[in-house]
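Before any comments, here is the structure.
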Amino acid sequence: MSQKLFVSAQEVAERAGVSRSAVSRTFTSGASVSPKTRQKVLDAADALGYHVNHLARGLMRNESGIVCLIVSEIGTPYRSALIRALTQQLQNTGKIAMLINTDRSDGSVDLALRQAIRYRADASIILSGLPDKSITDLCLKNGQRIVLINRDDDREGPLRINLDDEDAAARIATAFVRAGCRRLAFANSQAGTPSLMARERGFVAAARGLGLEVVVERFGHTGYESGRAVAQQLLTRKERPDAIFCATDLLACGLMDAARHQFSISVPDQLCVAGFDDIEQASWSSYQLTTFAQPVDIIARAAVSWLSQETEAQPENRSVRLHADLVWRSSIRGG
């Protein structure tokens, strides 16, 4: 005989000897119910294994409490840190996260998002620049509120959260010059996301303003192995760079390992290196990487706070630009 999966509020009411509305008031924050009735209901609910169906209750108010996290490169340390911060903030406000992986380019992403919409997800947070803009269109078309993180969409409606990527890149160019470096390079992936390209543009522009040209190399996905591959491209040049700004810390870690172990180049004595994200590995003794800290907790709070507001209470300015703090370590001379 199969076990019953759900216990109804009516069954709790019958066991407690109270009305169905008394059960509802007991499990509604701030509702009026006598201590005696509340205890009878709680005892009955505990005995029967009753749990409030928040999804059904929310749908009666045309809300499900579900927020989609639309993510690419889930396995990278920065992305996982941001997912952790967002899910914690959502849970703190009584919401549930539904994760959609957009790493694949086939129809599975569109199918997953349409499934989420059928579950009546209230909102979506798009975590990177990789997912196609048609995903944002689909979310908006179905009445969702949208938060865009590190994307360049300029449409009205969504909350846009970005970092001062170009300004950060300019600070690193200045730091390299102060360390005595003159042959600058930028190591990037081929992902082409808005944040990565903003760092590249900012670094190149700042270097030119200092009278220096920058060699730019891009390779593959935004990961450790791509950093090793870019090191091969840069460190075999006749005019080998003496400073390299990497678009992310993972690229920097791969590049530093290749520089030391394949080319016997000392960091920072012969080569200064900087990254971006301040992932855990950046502080390891084998890297001690100078980098920029992504304010993941601030990003998460800003996103979830905005989604938790009533639509009428949301500010007209729906663009947030956050500062990335420079974290000095020993991968740049004088750092």
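What the table below lists for this structure:
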| read-out | value |
| --- | --- |
| Selection count where residues are β-branched (Val, Ile, Thr) and either crowded, with 21+ Cβ neighbours inside 10 Å or on the phi > 0 side of the Ramachandran plot (or both), scope region 173-192 | 0 |
| Subset of region 121-148 (residues that are under 20 Å from Ala85 (Cα atoms) and at pLDDT 75 or above) | Ala121, Asp122, Ala123, Ser124, Ile125, Ile126, Leu127, Arg145, Ile146, Val147, Leu148 |
| Ala170 being of a type in the set (A, V, I, L, M), under 23 Å from the mean Cα position of the chain (by Cα) and under 23 Å from Val296 (Cα atoms) | no |
| Conditions (1) at pLDDT below 85; (2) surrounded by fewer than 22 Cβ atoms within 10 Å (Cβ to Cβ): number failed by Ala170 | (1) |
| Within region 190-208, tally of residues that are out of contact with any strand residue (DSSP E or B) (no Cβ under 6 Å at 6 or more places or on another chain) and either outside any helix (DSSP H, G or I) or aromatic (Phe, Trp, Tyr) (or both) | 3 |
| Residue ID - modelled with the lowest pLDDT, chosen from residues in region 32-62 that are within 37 Å of the chain's Cα centre (by Cα) and small (Gly, Ala, Ser) | Gly58 |
| Those residues of region 26-41 which are assigned to a helix (DSSP H, G or I) and crowded, with 16+ Cβ neighbours inside 10 Å, in sequence order | Thr26, Thr37, Arg38, Lys40, Val41 |
| Selection status of Ile279, of a type in the set (Val, Ile, Thr), modelled with pLDDT of 95 or more and under 30 Å from Val147 (Cβ atoms) | yes |
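Conditions (1) touching a residue at least 40 places away in the same chain (Cβ under 8 Å); (2) closer than 26 Å to Gly75 by Cα; (3) surrounded by 16 or more Cβ atoms within 10 Å (Cβ to Cβ), marked per residue:
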{"position": "Arg228", "(1), (2), (3)": "no, yes, yes"}
{"position": "Pro241", "(1), (2), (3)": "yes, no, yes"}
{"position": "Ala247", "(1), (2), (3)": "yes, yes, yes"}
{"position": "Leu255", "(1), (2), (3)": "yes, yes, yes"}
{"position": "Ala259", "(1), (2), (3)": "no, yes, yes"}
{"position": "Asp269", "(1), (2), (3)": "yes, no, no"}
{"position": "Val296", "(1), (2), (3)": "yes, yes, yes"}
{"position": "Leu307", "(1), (2), (3)": "yes, yes, yes"}
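Per-residue answers, yes or no, for (1) in the same structural domain as Thr290 (by TED's automatic domain parsing); (2) within 26 Å of the chain's Cα centre (by Cα); (3) more than 30 Å from Ala123 (Cβ to Cβ):
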site	(1), (2), (3)
Leu148	no, yes, no
Asn188	yes, yes, yes
Leu196	yes, yes, no
Gly202	yes, yes, yes
Ala205	yes, no, yes
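Matching residues to (1) of a type in the set (Ser, Thr, Tyr); (2) out of contact with any Gly (no Cβ under 9 Å at 6 or more places or on another chain); (3) within 22 Å of Ala324 (Cβ to Cβ):
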| position | (1), (2), (3) |
| --- | --- |
| Thr222 | yes, yes, yes |
| Lys238 | no, yes, no |
| Ala258 | no, no, no |
| His261 | no, yes, no |
| Asp277 | no, yes, yes |
| Trp284 | no, yes, yes |
| Tyr287 | yes, no, yes |
| Phe292 | no, no, yes |
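The values are calculated or read from the model by the stated rules, or taken from the named source; none is laboratory data. Please read these numbers as outputs of a predicted model, since none were measured by experiment. Every residue, glycine as well, gets a Cβ built from its backbone with ideal geometry; the counts of neighbours run over all protein chains shown.
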